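See structure below.
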Amino acid sequence: MNRNRLLFLLFLLSLLYLVDCQYQLKDLSSDTEKIKYFDSLNSTCNFKIPILVTGQGKLVNLIDYSIPRIWLPFIFNSTSTLFITNFNLIEQGSKNFNIVANGNATFGSISINLTCLAVDTSLLSYKIIKPVFWSSTYKYSSIISIDGLPNGSTFGFDNSSINVLLLNVFNSTPHFRVEFKEKYYFLNHENSLWPINLSFKGSQTITINIPFNSPKTSLDSPLDIKTFPTFSNVYDYMGDIFGGAITFRSVSINQRPTYSLYSSPSLYTTPRPISGNENNITYIVYCRRLTSGVQTFYLNSFVSSSGYNFSTTSQLTFDLTLLDRKGYDFQTYQYQFKFGSYVMNLPFPYGFRNGTNSLFDYSASFQTTYKSSISPTLLRIDGDSFLVSSKQIVSPVETSSLSVHLTEIGDFKYILRIICSNTAGIKYFIIPLNNGLVIKIDNSNSISNSVLYGVWEYLFDIFSYGSDYLGYITVVDYLDGQKQFSLDYQGTISNLSYSITLPKIDLKNCNYLQDITNISFLNNNVDLTNQNVYNMMYFSFGQKNSFYSSKSIGFFLSDPKSLRDQGFDSENSKNFDPKLMFAQWDSVNNRFSVTFKMPANTVPGQLDYSIVFSRDDIIQSVLLPMEYQLNVTCSNVDIQGPMITNIVYKYNPSFTDAISFGWTITIEDSINGFDYGYVIIRGVIDNSLYNISFSSKNGKIGNKLKDNYDILIELDKTQKCIPQYYNITYVHLVDRFGNEATFYKHVTDIELNKRGYSYDSTGNPLINFITQQSLLGISSPQYCNYSQIESTISLVSFTSNISQMDSGLSNRSITFDFVAKDSIWGLKKDQFPIVYLVSDIFKSVQCVSKIISLNNDSGVYQCTIGQLPLGFGFPTGLSLSVYGFINNGGQFAGFSTSMLNSSGFQSFIDVPNYNSNTISITGVSEVNNLGGDFLIYGTAFSLINSVKATFSNGSQYFCDFTAFQNSVIKVLKFPAGINDPFTIIGNGVTNEFLVTPINYNFNYTPIETQSPIVTSSPQKCKGSPECGGTSNGYCSISGCVCYPPWIGIDCTSQIITVPPPLVDSEKPATSIDVPNKSNGNNITSIISIVALREINSINGEEIKIHYFGKWLYSNISQSVSQYTSNITNGGKTTTVVATLEWFTVGKNISFANEQITMNPFSMKYTIELSSYAFTNSLSHLQVVMSAQIQSSEKNICSNKDFGNTTTQNLNYIKLQVASNSFYGRYIKRGIVDGKIVNVENEILDSKFNVVQAENTVQSYIGILIGKYENYATIDPDFSILIDSNSANSNSPNSICAPNSKLKTNQLVGIIIGSVGFLTLLIIIIFLMYKSSHCLFIKIIFYKITRKSKL
């Protein structure tokens, strides 16, 4: 017999004679808790056994004589003590443990038998439920089942499977989801089997080979690869986050082709679709920012290398002052004080006491405790740490008890009610999870107005956070003490056997992947082109419907567009928190239903969706049969936010006391159209901030697809001003269907306050300017020429309307009034200081001021917070500070809590009370026009006995409801058909809360099929010889095909070099005079926009005509000019904008799915029209243009011709005098209100007084853009050619002088090509050559483009 055991038995026998009473020991664990399987990581079996000891006498400890070891009491009362014992077994089999309770004169014992088992892999088998498949949420994954695996057993991976994550996602069923990391795909994408090796105790391993259908077709190879910026020796970045990106096109027949971008060392990113149509999708992927060095990118088979070059109470205040800080560049600082406090993310001006960005002093005050059981504590500000000591160090106070009570309210939501006591006062509770998320419950959740012994309620969303808890709750008190309570047998003084539990979703015996059936949709095969569509899904679980009807079942769309809208980041998917729609049980039809909105312009094919049973239990639609798929079509994919394509400095002339300057930016969103956005601009020296908000209504043209917007700062010329640069530091743009594009120089509080942010630069609206970042800065106007002189900004007064508040009252409003002064510089216009209210746990509220008055040396400010958050500042109060005063001399100032106090100003607000009996409504769950149940959130709901809704027509409705604890009310069977906003109020005394219902409209109407887009029909080749001869071109079925450099209908013209034309500042016309040096003859060519004609679409009769009057000229850049004119019709103003741009090199452009070649030395006109008030539904609009050419030479011929071009879908017109030609092209298709439509071009000479003589010819061309609603665009261009033919009496429609002769000279022409949205005009002026001499040319244009919608 073991010596220790013998001694133990003798010891027990002796006790029988020494004592007359014993302790009673009880094992509180279940039988299953005493049987464990080896942990695959450390090859041990770990047990935690609670033992409750009752009896007389003072209990000292528990003793395990088999090791030996001693356990101390965990919690006790006058009659009982609870111990938590821990055992670790390293050998397989069973082992008995004898435990003795030892008191002063009392003993007791218990025997516990524990068993440790190993998995027998020979009894295991596996099956592939779903081979490797791709989904946007889990990337590469598979579903497998492992049969024979005992409950509670674990396994690991060997080194070959380190890039695999295997999750049991079906609870008690043996099904697992296998997730493969990007690296695994990159290393194995050519293999048809993906192996994973599972390891068990005793070097046992099983290998599972999962099939992968590797795409072998060349259609899956990336095409048209482009980089942003173009790769060079140095790779540039924008700010801290945004790097470059790569776009490519895929013509894969697979809706979800697999692509991955790898960059050394071991960084993998996933491309996402942004545009295109079926089987022709453009993707974008970002390049992660790394340290300096050479980095190589691999996009499947594509490789590209580039170098990187980076560059009044018991509370006190702790005052932190840092002098002579240098180089602030608009960063956001992160603050955290003491263990577990909230993180406060605050940029300038918080803490900035005085100075400029180049040299400043920092000063801030933070609440701390007078007494602490821990000293010193730590204050962290970004990367810096500061030690903070309390005035008095005291012994810690024990948190004597904690209990948690759960109430399930549905839709994955629970109320956690915590009851806890601590004589020092409870500051907050912390519940950490394995996914990195942390739940913090503070005194804003108190419902008992006491922090010593109180009750807290917290609304917990188990889907949002998950239920993979780390295993404990930490209680933090006001002496900085901490105590952890494990999530098991914790006990309370009144109930020592009490066990703490947190919400778990019970899905035992649920095999939902097998159970779900009869999935259908209200609408299927839906066209999502340019429209959102509301839909409804139906499903059931057959014989198990009643079982599932008690479960929360969520739903969300997981197509690329929906994921993008909800902030999904494939590199941080564990924190993805989609908004769920919830299924409702329909007892009448014996099925579930869920409503949802399908997004416009998403990827066509199967619209991915997910059915949710818990955070890890999700059915993805790709796992389901084809008959359960939701199919959509879309001809215009758009999952990319608006992009900025041009930036031009703008300084407005000043005729008043104000001067404005900034930028004109061009925003393009060619499918959805731009909706709204804002730009933040910061002064580089003084940190001044300008937030410029704008929408598509502010565009100069009224064209949502492409328009120019002024982003301007305004300064007061009556005040002094120093020279400095102003930089764009933040841009946020949104299109009409919610696609966002965001740029920030540094991560801001906006991003930091989210669960996470990524390095994804694919949504950077400034991605076109990575190598032109200097454009984001602009210097101040010349009048800002004062030298910096140091000055002092002083605070004259600072008051608030309250000094103490109850944070539970219905009225929690507060107002601050303050005055500041700078007698040297004066305070800067449009800069608004901020009052900060900060609690002891680093929660903050900011109050942005407004300017009441501002004079030469002082400013009067006021700010109001309508309602402070419930419980904010309870019970320790709120410290006050004010920062962000900026003078005209480039200096800023602010005042900390201590500075306010030392100046005699109010610096603190006491919050001693939190009235828990004040009923307050703080929010609601989704309410829609279909009626049904919804939740109301707030406080003191246990006191509510009525809930009243008041509708927009004044009628009232008293709701049936159920109250859950103190925090939630469920309104039952709310009536359907309520479309307008309404208010709700409880007991007739709470705050009135405004509810805006979502209006579901299920009247889906398929989009009408548009008329087929015309293409050019076969035509006869022209010229004599045909097509200019064999050296110039050849004849095809569509007409002449020219060899470079020959162009034109008959391949007899060539492009020649001309200088840029002179700009007319009064009208959008360009005139080119061509002198003939040998004989003095002049050639003049003119093209112009004449009018807008409203015509009857049935008979072509003219209804109205609008001639253009005055044009407003604006110089955009050296090569771009812009003209604006207005016409008024029917009380509505139509704005016409003409933008003229000169090209010196050839360029291919795409319009209406037509490729057009812009010739070098050409002028492009963009004519854009805003909405027009049509007389009736039969009216159409026509743009009238005039073309004319004339010569000073006499006794010659002129002619005109109109027809179709040869190689493109264009009309042409040819005007000719002698050997000089004027040639124009007009495209026969256009984009109207974002749609491709057919366009008719016609000659209108019979309707206007045309001029034609032997040396002058003119023609009017009508471009019929039809009827539109919002905008129309035309985009012509003009270039110069040399031609080899001249007009004669045999030319079509010719007029000749009586004795004219033909000359045998060469011709120079001007081509006017109308290539944009509706027309492409090319002017050709032919210059005559005599012997070795040639005429020089000069061209005049008049071209405008419009954008329309039929």
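The values are calculated or read from the model by the stated rules, or taken from the named source; none is laboratory data. Remember, it's a predicted structure, so these values are computed and weren't measured experimentally. In this analysis, Cβ positions are derived from the backbone assuming ideal geometry, glycine residues included, and neighbour counts consider all displayed protein chains. Accessible surface is based on the protein model in full, side chains and every heavy atom, while ligands, DNA and RNA are left aside. Shrake-Rupley method; radii C 1.70, N 1.55, O 1.52, S 1.80 Å.
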* Structure fact -> Counting only strands (runs of 3 or more DSSP E) entirely within the stretch 1129-1228, those with at least 1 residues that are modelled with pLDDT under 75 and among the β-branched types (Val, Ile, Thr) are 1147-1151, 1154-1158, 1220-1227
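Conditions (1) surrounded by fewer than 20 Cβ atoms within 10 Å (Cβ to Cβ); (2) more than 28 Å from PHE460 (Cβ to Cβ); (3) under 37 Å from the mean Cα position of the chain (by Cα), marked per residue:
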| residue | (1), (2), (3) |
| --- | --- |
| ASN917 | yes, no, no |
| SER920 | no, no, yes |
| LEU930 | yes, no, yes |
| PHE941 | no, no, yes |
| ALA963 | yes, no, yes |
| ASP980 | yes, yes, yes |
* Asked: Going by the conditions given, is PRO560 of a type outside the set (Val, Ile, Thr) and touching a strand residue (DSSP E or B) at 6+ places or on another chain (Cβ under 7 Å)?
  -> yes
* Which ones in the stretch 88-112 are touching a Ser or Thr at 6+ places or on another chain (Cβ under 7 Å), in a strand (DSSP E or B) and either at pLDDT below 80 or open to solvent by 30 Å² or more (accessible area, probe 1.4 Å) (or both)? -> ASN88, SER94, ASN96, ASN98
* Do you know which residues across the stretch 772-791 are buried (at least 16 other Cβ atoms within 10 Å of the Cβ) and of a type in the set (Val, Ile, Thr)? -> ILE778
* Just to be sure, is ILE711 more than 29 Å from GLU790 (Cβ to Cβ) and of a type in the set (A, V, I, L, M)? -> yes
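SER839: within 30 Å of THR990 (Cβ to Cβ) and buried (at least 22 other Cβ atoms within 10 Å of the Cβ), yes or no?
Answer is yes for this residue.
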* To do: Could you please tell me which pairs satisfy a Cβ distance under 6 Å, a separation of 6+ or placement on different chains, a first residue in the stretch 914-932 that is among the small types (Gly, Ala, Ser), and a second residue that is outside any loop (DSSP other than H, G, I, E, B) and open to solvent by 20 Å² or more (accessible area, probe 1.4 Å)?
  => SER920/THR939; GLY923/TYR937
* Asked: What single numbered condition from (1) in a loop (DSSP other than H, G, I, E, B); (2) closer than 29 Å to ASN445 by Cβ fails to hold for SER879?
  -> (1)
* To do: Please give the number of the condition ILE647 fails out of (1) open to solvent by 60 Å² or more (accessible area, probe 1.4 Å); (2) assigned to a strand (DSSP E or B); (3) in contact with a helix residue (DSSP H, G or I) (Cβ under 6 Å, 6 or more places away or on another chain).
  => (1)
* Checking LEU623 against (1) of a type in the set (A, V, I, L, M, F, W, C); (2) open to solvent by 20 Å² or more (accessible area, probe 1.4 Å); (3) under 30 Å from SER780 (Cβ atoms), which test does it fail? -> (3)
* Kindly establish whether THR85 is under 15 Å from ILE51 (Cβ atoms), surrounded by 13 or more Cβ atoms within 10 Å (Cβ to Cβ), out of contact with any Ser or Thr (no Cβ under 9 Å at 6 or more places or on another chain) and not acidic (Asp, Glu). => yes
* To do: Identify, by number, the condition in (1) within 18 Å of LEU689 (Cβ to Cβ); (2) open to solvent by 50 Å² or more (accessible area, probe 1.4 Å); (3) not in a strand (DSSP E or B) that ASN811 doesn't meet.
  => (1)
* Please indicate, with yes or no, whether at least one residue in the stretch 862-870 is assigned to a loop (DSSP other than H, G, I, E, B), crowded, with 16+ Cβ neighbours inside 10 Å and not β-branched (Val, Ile, Thr). => yes
* Asked: If you scan the stretch 533-543, which residues turn out to be of a type in the set (S, T, N, Q) and modelled with pLDDT of 95 or more?
  -> ASN535, SER540
* Asked: Considering the stretch 322-343 alone, what residues qualify as being at pLDDT 75 or above and either open to solvent by 20 Å² or more (accessible area, probe 1.4 Å) or part of a loop (DSSP other than H, G, I, E, B) (or both)?
  -> TYR328, PHE330, GLN331, TYR333, GLN334, GLN336, LYS338, SER341, TYR342, VAL343
* Structure fact -> How many residues of the stretch 200-242 are modelled with pLDDT of 70 or more, closer than 22 Å to TYR185 by Cβ and not hydroxyl-bearing (Ser, Thr, Tyr)? The answer is 9
* To do: Could you tell me which numbered condition THR474 fails, if it satisfies all but one of (1) under 23 Å from ILE75 (Cβ atoms); (2) touching a strand residue (DSSP E or B) at 6+ places or on another chain (Cβ under 8 Å); (3) open to solvent by 10 Å² or more (accessible area, probe 1.4 Å)?
  => (3)
* To do: May I ask you to say which residue of ASP411, ASP384 is among the acidic types (Asp, Glu) and buried (at least 16 other Cβ atoms within 10 Å of the Cβ)?
  => ASP411
* Structure fact -> (1) over 30 Å from PHE556 (Cα atoms); (2) open to solvent by less than 20 Å² (accessible area, probe 1.4 Å); (3) modelled with pLDDT of 85 or more all hold for PRO503 apart from (1)
* Which of the residues belonging to the stretch 815-833 are among the hydrophobic types (A, V, I, L, M, F, W, C), farther than 14 Å from SER907 by Cα and assigned to a strand (DSSP E or B)? -> VAL819, ALA820, LEU827
* Quick check: anything in the stretch 451-462 of a type outside the set (Lys, Arg), surrounded by fewer than 16 Cβ atoms within 10 Å (Cβ to Cβ) and assigned to a loop (DSSP other than H, G, I, E, B)? -> yes
* Of residues in the stretch 1102-1128 being aromatic (Phe, Trp, Tyr) and outside any strand (DSSP E or B), the one most open to solvent (accessible area, probe 1.4 Å) -> PHE1108
